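This report refers to the structure that appears directly beneath it.
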Amino acid sequence: MKSSQISASRIVSVLCVLLMPAVLSAHHSTNANFTQEIISVEGVIERVRFVNPHASVLIKNTDTEGNETFWLIESGARTTLERQGVTLEHLEIGSKITATGRKGRRENTMYLQKIIYEDGLEFIPQPELN
């Protein structure tokens with residue numbers, strides 16, 4: 001019996017080592033997708049994805065000529081935001097906002113640092129990161 005226990009233990013150890021890269025690559029850092037440059041974009045909230053591993057907001061920016069550009073703004077995980085008291089009411093569709101955050105490496109993307117609403121109210125989803 002002792003040799004079968006050792007064999008089972010070795011099999012489990014080998015499986016753990018083989019599966020480690022898959023587990024480690026399951027989550028990605030925001031540093032790979034976003035620069036350190038801070039930008040601000042005005043727009044209207046079109047869609048909200050309040051999910052894990054990253055919540056996101058899609059806003060529509062309209063320039064002075066009437067051209068529309070959609071911006072994807074990522075934030076922390078839903079569970080992290082909920083622990084800080086953030087709910088969907090903070091991200092109401094149709095709200096006019098100015099979003100500030102780290103510019104994305106992909107066009108029209110940003111990692112959210114704060115939102116300023118039309119009435120001047122500020123919303124900072126993850127204050128410990130600012």
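The values are calculated or read from the model by the stated rules, or taken from the named source; none is laboratory data. Predicted model, so just to flag it, every value in this text is computed and none were measured. No Cβ is skipped: glycine too gets one built from the backbone with ideal geometry, and neighbour counts run over all protein chains shown.
Structure above, values below:
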| item | result |
| --- | --- |
| Residue in segment 23-55 that is nearest to the chain's Cα centre (by Cα), counting only those that are of a type in the set (S, T, N, Q), within 14 Å of residue 103 (Cα to Cα) and modelled with pLDDT under 90 | 30 |
| Listing of strands (runs of 3 or more DSSP E) fully contained in segment 48-130 that carry 1 or more residues being touching a Pro at 6+ places or on another chain (Cβ under 9 Å) and surrounded by 11 or more Cβ atoms within 10 Å (Cβ to Cβ) | 109-117 |
| Test: residue 42 is in contact with a strand residue (DSSP E or B) (Cβ under 7 Å, 6 or more places away or on another chain) and either part of a loop (DSSP other than H, G, I, E, B) or free of Cβ contacts under 8 Å to residues at least 60 places away in the same chain (or both) | yes |
| Residue that is farther than 23 Å from residue 62 by Cβ and either free of Cβ contacts under 8 Å to residues at least 12 places away in the same chain or small (Gly, Ala, Ser) (or both), where the choices are 104, 76 | 76 |
| Filtered residues of segment 56-79 (kept if among the small types (Gly, Ala, Ser) and under 9 Å from the mean Cα position of the chain (by Cα)) | 56, 75, 76, 77 |
